[in-house]
Every structure is written in C-alpha cells, then in structure tokens.
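The values are calculated or read from the model by the stated rules, or taken from the named source; none is laboratory data. Since we're looking at a predicted model, the values are computed, not measured. Positions of Cβ are generated from backbone atoms using ideal geometry, with glycine treated the same way; all protein chains shown enter the neighbour counts. The protein model used for the area step is the full one, side chains on, heavy atoms only, and it has no ligands, DNA or RNA in it. Shrake-Rupley method; radii C 1.70, N 1.55, O 1.52, S 1.80 Å.
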Amino acid sequence: MHTRGETFLDRKVRQSKVLILAVEEHQTDVKLRSVKFGLRSGDGVEYLIGNLGTDAGTHQKLKEYVMDNGINLVILDTMGHYMSGIVQSENDNFAMLAAMKPFLALARETRCAVLIVHHTGKGAIQAYRGASA
C-alpha cells in the first residue's frame, strides 16, 4: 500500500501521504470505504469531505496545505461533482480545461501527483462521458 511503503505490482514504492478530496460522499460512506480498502489510522491518509470551493483562494489554501503537510498524492473524488458548480456542459472542452487548470497547477507547483476520479456513462455502452479534454 502506498501509504505504508509496501509493494505494489511487485515493486517497492515510496511511503507517501495522501489527501482525498471526497467532494461527493457522506463522511460515513468515506469511512466505510476506507476500511473496506484496508486503510488504518496512522496510514497517512487525510480527508477533506464535502464541497470544495472553486475560487482561487481555496486552491491557494489547498496548495499551502499540500506543501505544509508533505502530501504526495491528492485524489479528487469525483470530477463530475466538483465540476457541477463550474461548467455548464461537461461536453465543453475549453470550459473543462479551464476548470481543471488549478489541479494541474497544484501538481506542478507542489510536485504531488493528482488523481482525478471520473465515472463512465450508465447503460449498455460504458463509454466515458463528457469532454475529451
């Protein structure tokens, strides 16, 4: 497990601190899922549960938090929920690019990895929804 520095896909990994931005889930569901995936207290996983502001000030505070706390991986769960307050159409490539820029800047400026969770469409064809950007 990444947070413990154990092996992954038969390779040794560096122990890392993780910040999960659980913008869509209820706190109880986040805790249950964490237990299901084998996370334990002291594993170096921190959570921000609930809505995440989309303004520059919020992203500056997020950047400072990542740097001050040595976070190596930020997970945004989910992109769709975060974008719902920013983008009118998930098919608008330019709007999606603009909305994702703060996370690109976060990765570049802090050297942390950023993982963004996005769901596929529902139905018989499990294709990704929205803009290809």
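From the residues in the stretch 8-18 that are open to solvent by 90 Å² or more (accessible area, probe 1.4 Å) and of a type in the set (A, V, I, L, M, F, W, C), which one is modelled with the lowest pLDDT?
So, considering only residues that are open to solvent by 90 Å² or more (accessible area, probe 1.4 Å) and of a type in the set (A, V, I, L, M, F, W, C), the one modelled with the lowest pLDDT is Phe8.
Answer with yes or no whether Ser34 is closer than 17 Å to Val117 by Cα, crowded, with 17+ Cβ neighbours inside 10 Å and among the small types (Gly, Ala, Ser). Spell out the reasoning first.
Numbers: closer than 17 Å to Val117 by Cα: yes; crowded, with 17+ Cβ neighbours inside 10 Å: yes; among the small types (Gly, Ala, Ser): yes.
It is true that Ser34 is closer than 17 Å to Val117 by Cα, crowded, with 17+ Cβ neighbours inside 10 Å and among the small types (Gly, Ala, Ser).
Considering only the stretch 1-53, state which residues are small (Gly, Ala, Ser) and more than 17 Å from Phe103 (Cβ to Cβ). Spell out how you get there, then give the answer.
Going through the stretch 1-53, the residues small (Gly, Ala, Ser) turn out to be 5, 16, 22, 34, 38, 41-42, 44, 50, 53.
Result: Gly5, Ser16, Ser34, Gly38, Ser41, Gly42, Gly44, Gly50.
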